[in-house]
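K.L.:
If you scroll down you'll find the structure; I have some questions about it.
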Amino acid sequence: MKLILMTLPTFFVEEHQILTALFDEGLDILHMRKPNTEPVYSERLLQLLPDNYRKQIVVHDHFYLKNEYGLKGIHLNQRNPELPAKYKGQISCSCLTEEEIKQRKKTFDYLFFSALYETKDGEHFTPRFTPAQIKSMSERKVIDKKVMAMGGIDLEHIPFLRDNGFGGIVLLGAIWNRFQIHSTQDFREIISHFRKIRKATN
């Protein structure tokens with residue numbers, strides 16, 4: 001299973017150190033989601049990350065960064081629903097319904113499917129599907145390796161998601177709830193928990 005991490009919407013001092021450490025530990029893809037921020041701050045973060053990890057980064061905003069920094073791709077969303085003119089490269093998007101998955105699977109390289117579990121990361125998502133509904137979608141091949149599970153996902157959910165054919169998981173609160181950006185500098189707890197998740201997905 002792919003391990004994908006969504007950034008916090010705000011920037012903070014230790015961010016580049018944590019992201020670099022997570023890439024070192026085997027993070028597959030980083031989704032850089034920084035809504036309502038100036039592009040100069042995204043550029044600064046990208047410049048602080050090792051060059052060899054930039055090709056594993058997908059941006060949700062400021063799509064010009066993809067070519068400027070040799071990034072992996074772009075993610076379409078409600079704020080930025082259209083592909084840039086003459087864009088070539090990887091694209092992903094988020095889906096909330098089975099129908100959206102069916103419609104978009106052929107067009108996009110992979111899809112986020114949310115919200116599967118109650119979240120504790122400040123976004124306040126509630127589950128949209130029961131385990132029985134997810135199992136049914138898996139049996140009908142709606143869920144497959146192009147679909148990434150998102151929404152409240154942590155260690156305890158991985159066996160079920162793996163057994164039902166998801167291609168990966170999107171982490172947010174499972175990682176960032178272990179670090180207080182205004183009061184913490186030590187991020188060993190993040191790394192320790194990420195290792196457990198990485199082991200469970202192998």
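The values are calculated or read from the model by the stated rules, or taken from the named source; none is laboratory data. Given the structure is predicted, the values throughout are model-derived calculations rather than measurements. Ideal geometry is used to build each Cβ from the backbone, glycine not excepted, and the neighbour counts take in all protein chains shown. Heavy atoms of the whole protein, side chains included, go into the accessibility calculation; ligands, DNA and RNA do not. Shrake-Rupley method; radii C 1.70, N 1.55, O 1.52, S 1.80 Å.
K.L.:
Looking only at segment 129-138, which residues are of a type in the set (Val, Ile, Thr) and under 18 Å from Tyr110 (Cα atoms)?
P.N.:
Scanning segment 129-138 gives a single hit, Ile134.
K.L.:
Could I ask something else about it? If we keep just the residues of segment 78-93 that are closer than 13 Å to Val59 by Cα and of a type in the set (S, T, N, Q), which is farthest from the chain's Cα centre (by Cα)?
P.N.:
Asn80
K.L.:
Being surrounded by fewer than 13 Cβ atoms within 10 Å (Cβ to Cβ), out of contact with any Lys or Arg (no Cβ under 7 Å at 6 or more places or on another chain) and closer than 19 Å to Ile169 by Cβ: is that true of Glu118 here?
P.N.:
Spelling it out, Glu118 is indeed surrounded by fewer than 13 Cβ atoms within 10 Å (Cβ to Cβ), out of contact with any Lys or Arg (no Cβ under 7 Å at 6 or more places or on another chain) and closer than 19 Å to Ile169 by Cβ.
K.L.:
May I ask you to verify whether Leu3 is surrounded by 20 or more Cβ atoms within 10 Å (Cβ to Cβ), closer than 24 Å to Phe166 by Cα and modelled with pLDDT of 95 or more?
P.N.:
yes
K.L.:
Select the helices (runs of 4 or more DSSP H) contained entirely in segment 139-202, then report the ones holding at least 1 residues which are more than 28 Å from Arg104 (Cβ to Cβ) and open to solvent by 30 Å² or more (accessible area, probe 1.4 Å).
P.N.:
In segment 139-202, the matching helices (runs of 4 or more DSSP H) lie at 188-201.
K.L.:
Still on this structure, please answer the following. Among residues belonging to segment 30-62 that are open to solvent by 10 Å² or more (accessible area, probe 1.4 Å) and within 16 Å of the chain's Cα centre (by Cα), point out the one that is nearest to Ile175 (Cα to Cα).
P.N.:
Arg33
K.L.:
Sticking with this one: Which is among the hydrophobic types (A, V, I, L, M, F, W, C) and under 13 Å from Arg33 (Cα atoms), of Leu76, Leu96?
P.N.:
Of the residues listed, the single one that is among the hydrophobic types (A, V, I, L, M, F, W, C) and under 13 Å from Arg33 (Cα atoms) is Leu76.
K.L.:
Looking at (1) part of a strand (DSSP E or B); (2) without any contact (Cβ under 8 Å) to a residue 24 or more places away in the chain, which is the one condition that is false for Lys55?
P.N.:
Result: Lys55 passes all but (1).
K.L.:
Given the options Lys106, Lys88, Lys34, Lys120, name the one that is out of contact with any strand residue (DSSP E or B) (no Cβ under 8 Å at 6 or more places or on another chain), assigned to a loop (DSSP other than H, G, I, E, B) and modelled with pLDDT of 95 or more.
P.N.:
Only one candidate passes the filter, namely Lys34.
K.L.:
Same structure again: For segment 63-77, what are the residues that are closer than 22 Å to Lys2 by Cβ, open to solvent by 40 Å² or more (accessible area, probe 1.4 Å) and over 15 Å from the mean Cα position of the chain (by Cα)?
P.N.:
Selection gives Gly70 alone.
K.L.:
Ile101 versus (1) open to solvent by less than 50 Å² (accessible area, probe 1.4 Å); (2) hydrophobic (A, V, I, L, M, F, W, C); (3) outside any helix (DSSP H, G or I): which is the lone unmet condition?
P.N.:
(3)
K.L.:
Another one. Across segment 78-96, which residue is most open to solvent (accessible area, probe 1.4 Å) among those that are within 15 Å of Asp109 (Cα to Cα) and of a type outside the set (A, V, I, L, M, F, W, C)?
P.N.:
Lys88
K.L.:
Something else about it: Only residues in segment 96-120 that are charged (D, E, K, R) count as the first member; pair them with residues that are assigned to a loop (DSSP other than H, G, I, E, B) and modelled with pLDDT of 95 or more, Cβ under 6 angstrom, at least 6 apart or cross-chain, and list the lot.
P.N.:
As it stands, the answer is Glu98/Val142; Lys105/Lys146, since those pairs meet every condition given.
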